[in-house]
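To keep things clear, I will list the structure first and then write my remarks on it.
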Amino acid sequence: MFEQVSDKLRKSEKIVFVTGAGISQESGIPTFRGKDGLWRKYDAMQLATIDAFYSNPKLVWEWYEERRRNILSAKPNPGHVAISELQKHKEVHVLTQNIDGLHQRAGSKSVYELHGSIITIKCTACSFKDKIESSFSEIPPTCKCGSILRPDVVWFGEALPQDVWQGAIQQASTCDTMIVVGTSLAVSPANLLPVYAKQNGATMIEVNPEQTMMSETMDLSLRVSSAKALPEIIDIVTK
């Protein structure tokens, strides 16, 4: 199967990866919907909605600060690195649901962060937005204008950043191979991206230890972790 996937990639001119929490799990970042997923331990409605934020910004920020510390101490794993390595040989774009920035830290250049970035902080009132890696001395942190700051992530009920989403649709609609890595594809509208690729006649490949709701629509499926599968595949392609 690895040889089949590698052969497809060799012949591809434009490859798009759609990645989810599974690819970062092996960097020590918990998933959301797995057996030990965050949403099994925490109530999303109390932590990941704008109403929850304004109701109790201190609680929401304490949770996000813990996640930020975890993410900032994590390192890209061989799956992230393999994707960036493939970019040196092929046209490769990454459409990620992850907010951890590990693709960029691994060296990937064309990354569309569908759900925003936990490292980027923005003001709830003015136009301030910046990457902030240091911890905040005060929770919740406030902007120079006096308003509360928030993580630049997409919470439940919020729209995806439209420039990023439109760019992702464009890449998905024009690729000849799409590789879906470490995501259950349970979240809309990100789960529409494989549909756009399939309409373009792209070869669909899934890399996930577990079966997903999209598995039956895939041309090839590797039931292996991305940290194991991607380096092997991409090593064959780039030899």
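The values are calculated or read from the model by the stated rules, or taken from the named source; none is laboratory data. A quick note: this is a predicted structure, and the numbers were derived from the prediction, not measured. Cβ coordinates were reconstructed from backbone atoms using ideal geometry, including for glycine residues, and neighbour counts include every protein chain displayed.
Brief remarks on what is shown
- Across the range 142-175, the number of residues qualifying as more than 30 Å from I205 (Cβ to Cβ) and hydrophobic (A, V, I, L, M, F, W, C) comes to 5.
- Residue within the range 178-187 that is without any contact (Cβ under 8 Å) to a residue 60 or more places away in the chain and either touching a helix residue (DSSP H, G or I) at 6+ places or on another chain (Cβ under 9 Å) or among the hydroxyl-bearing types (S, T, Y) (or both) present: no
- Verdict on I205 being β-branched (V, I, T) and out of contact with any strand residue (DSSP E or B) (no Cβ under 7 Å at 6 or more places or on another chain): no
- Identity of the residue in the range 187-214, assigned to a helix (DSSP H, G or I) and over 19 Å from the mean Cα position of the chain (by Cα), that ends up surrounded by the fewest Cβ atoms within 10 Å (Cβ to Cβ): Q199
- There is at least one residue in the range 75-87 that is among the polar types (S, T, N, Q), at pLDDT 90 or above, part of a helix (DSSP H, G or I) and buried (at least 18 other Cβ atoms within 10 Å of the Cβ).
- Qualifying helices (runs of 4 or more DSSP H) (wholly inside the range 16-64; at least 3 residues being surrounded by 18 or more Cβ atoms within 10 Å (Cβ to Cβ), in the same structural domain as V92 (by TED's automatic domain parsing) and modelled with pLDDT of 90 or more): 21-25
- Options S137, S127, S117: the member that is closer than 21 Å to I71 by Cβ, assigned to a loop (DSSP other than H, G, I, E, B), among the small types (G, A, S) and without any contact (Cβ under 8 Å) to a residue 60 or more places away in the chain: S137
- Filter result for the condition that a residue is touching a residue at least 40 places away in the same chain (Cβ under 8 Å) and in the same structural domain as G167 (by TED's automatic domain parsing), over Q97, Q104, Q87: Q97
- K228 in contact with a strand residue (DSSP E or B) (Cβ under 8 Å, 6 or more places away or on another chain), modelled with pLDDT of 90 or more and in a helix (DSSP H, G or I): no
- All told, P141 falls short of being within 16 Å of the chain's Cα centre (by Cα) and surrounded by 16 or more Cβ atoms within 10 Å (Cβ to Cβ).
- Residues in the range 92-138 that are among the aromatic types (F, W, Y) and at pLDDT 95 or above were compared, and the one that is surrounded by the fewest Cβ atoms within 10 Å (Cβ to Cβ) is F128.
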